[in-house]
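Below you'll find the structure, written out as structure tokens, and then a few comments.
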């Protein structure tokens, strides 16, 4: 992944709009955000510059702005020149407070972007953390296809040519939604949450051998796609190998490790005549059942065990 | 496993046609082959995957193959890229 710049953070497409308005320091928009953290510069403004975290996003709330409007011009000059002697990343004023002219002049000269936000400080910080966590999330690119099947994020993997895209196409045709074909960017948003998206350029395109590249959104309409989806199960498609034992019961739950998160995983052997999309649909529904506490295989097994027990008693 | 680095010089970068040429070569071999750019890996046998890397002129690519014919395939791809897809 490339550098996360102030510009990228502010403009980030497809994310919640931070609704920030740039009022000074445009020249600093390409500065890199190195840490996903913020700093409240109150102490620095008051003259205490030890541990001043200048390389984080500076958030000026009501406290800071009240202080700034109180101090004398000479004091401002002294504090601001010290403040801006650091390579400050960028400043955000909440409650749409417009800082004084002197501050803006310094910012402009030192290329420190200054933004206004309509939001309150707490609300802004909550949003900020949400967005920054995702930007700084651990990330991996997988050669796979991601489809939302009945609300379950199913990651189809397997060697090239095994039929991932064709399976996805059939699933789309059946009313499910494509997130990304052939290249899925997976982000670990939380210790238990993997979010999958497609690459910005390839978005919703799919390659079908014999036809070439098609735009799924244009052909099947907006309801056939979605931008991101939590990954809830992995389906490995592989050529039927007659020497291999495939799961016939579904009693043992296998998992697939992605970024240290264990995701439920099944292997589906592909053979002419097997309707893979229907199998994937069933697997997704079965996964949903398991999530609400119904395990078909285990329940049938228990029923049989009970029957065997009672038959045994009747005969004995 | 065989791995080689190559710098893309073609002005237009790797757009659809050059991507197809890479995939076509890769498909001739049974081995697994990946292209790596800025720590992002792509399956060289998948058009979408190769296009997704957004390879522009000057991009540094690592070609990594694993399996039967790995050395030959890596050389073929390096050659293809170095010769600007004019082979």
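I need the full set of residues from region A:284-312 which are free of Cβ contacts under 8 Å to residues at least 60 places away in the same chain, part of a helix (DSSP H, G or I) and closer than 23 Å to residue A:155 by Cβ, in order please. Hits for region A:284-312 are A:286, A:289, A:290, A:291, A:296, A:297.
For region A:32-53, the set of residues classified as in a loop (DSSP other than H, G, I, E, B) and either closer than 20 Å to residue A:117 by Cα or in contact (Cβ under 8 Å) with a residue 60 or more places away in the chain (or both) consists of A:33, A:36, A:37, A:40, A:41, listed by residue number.
The residues of region A:88-109 that are surrounded by fewer than 17 Cβ atoms within 10 Å (Cβ to Cβ) and in a loop (DSSP other than H, G, I, E, B), listed by number, are A:97, A:98, A:100. Among the residues examined, residue A:247 does not qualify as surrounded by 12 or more Cβ atoms within 10 Å (Cβ to Cβ), in contact with a helix residue (DSSP H, G or I) (Cβ under 6 Å, 6 or more places away or on another chain) and either within 12 Å of chain B (Cβ to nearest Cβ) or under 30 Å from residue A:303 (Cβ atoms) (or both).
Residue by residue, here is whether (1) without any contact (Cβ under 8 Å) to a residue 24 or more places away in the chain; (2) away from chain A (no Cβ under 11 Å); (3) in contact with a helix residue (DSSP H, G or I) (Cβ under 8 Å, 6 or more places away or on another chain) holds:
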residue: B:3; (1), (2), (3): no, yes, yes
residue: B:10; (1), (2), (3): no, yes, yes
residue: B:21; (1), (2), (3): no, yes, yes
residue: B:34; (1), (2), (3): no, no, no
residue: B:39; (1), (2), (3): yes, no, no
residue: B:45; (1), (2), (3): yes, no, yes
residue: B:77; (1), (2), (3): no, yes, yes
residue: B:85; (1), (2), (3): no, yes, yes
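Please pick out the residue among A:70, A:19, A:62 that is under 30 Å from residue A:198 (Cα atoms) and out of contact with any strand residue (DSSP E or B) (no Cβ under 6 Å at 6 or more places or on another chain).
It is A:19.
For the structure I just gave you, tell me whether residue A:3 is touching a strand residue (DSSP E or B) at 6+ places or on another chain (Cβ under 6 Å) and either farther than 16 Å from residue A:90 by Cβ or part of a loop (DSSP other than H, G, I, E, B) (or both). Please lay out each step first, then the result.
Values: touching a strand residue (DSSP E or B) at 6+ places or on another chain (Cβ under 6 Å): yes; either farther than 16 Å from residue A:90 by Cβ or part of a loop (DSSP other than H, G, I, E, B) (or both): yes.
Considered against the rule, which asks whether it is touching a strand residue (DSSP E or B) at 6+ places or on another chain (Cβ under 6 Å) and either farther than 16 Å from residue A:90 by Cβ or part of a loop (DSSP other than H, G, I, E, B) (or both), residue A:3 comes out as yes.
The helices (runs of 4 or more DSSP H) located wholly in region A:120-223 that include 2 or more residues which are more than 14 Å from chain B (Cβ to nearest Cβ), at pLDDT below 90 and surrounded by fewer than 18 Cβ atoms within 10 Å (Cβ to Cβ) occupy A:121-135.
Selection of helices (runs of 4 or more DSSP H) fully inside chain B by the criterion of at least 3 residues being more than 11 Å from the chain's Cα centre (by Cα) returns B:16-27, B:70-82. Only one of the listed residues (A:268, A:263) is within 14 Å of residue A:167 (Cα to Cα) and either assigned to a strand (DSSP E or B) or touching a helix residue (DSSP H, G or I) at 6+ places or on another chain (Cβ under 6 Å) (or both). That residue is A:268.
Candidates are the residues of region B:23-32 that are facing chain A (nearest Cβ under 9 Å) and either surrounded by 20 or more Cβ atoms within 10 Å (Cβ to Cβ) or touching a strand residue (DSSP E or B) at 6+ places or on another chain (Cβ under 6 Å) (or both); the one that is farthest from residue A:210 (Cα to Cα) is B:32.
The values are calculated or read from the model by the stated rules, or taken from the named source; none is laboratory data. Predicted model only: the values in this text are computed from it and were never measured. Note that we place each Cβ from the backbone using ideal geometry, even for glycine, and neighbour counts take in every protein chain shown.
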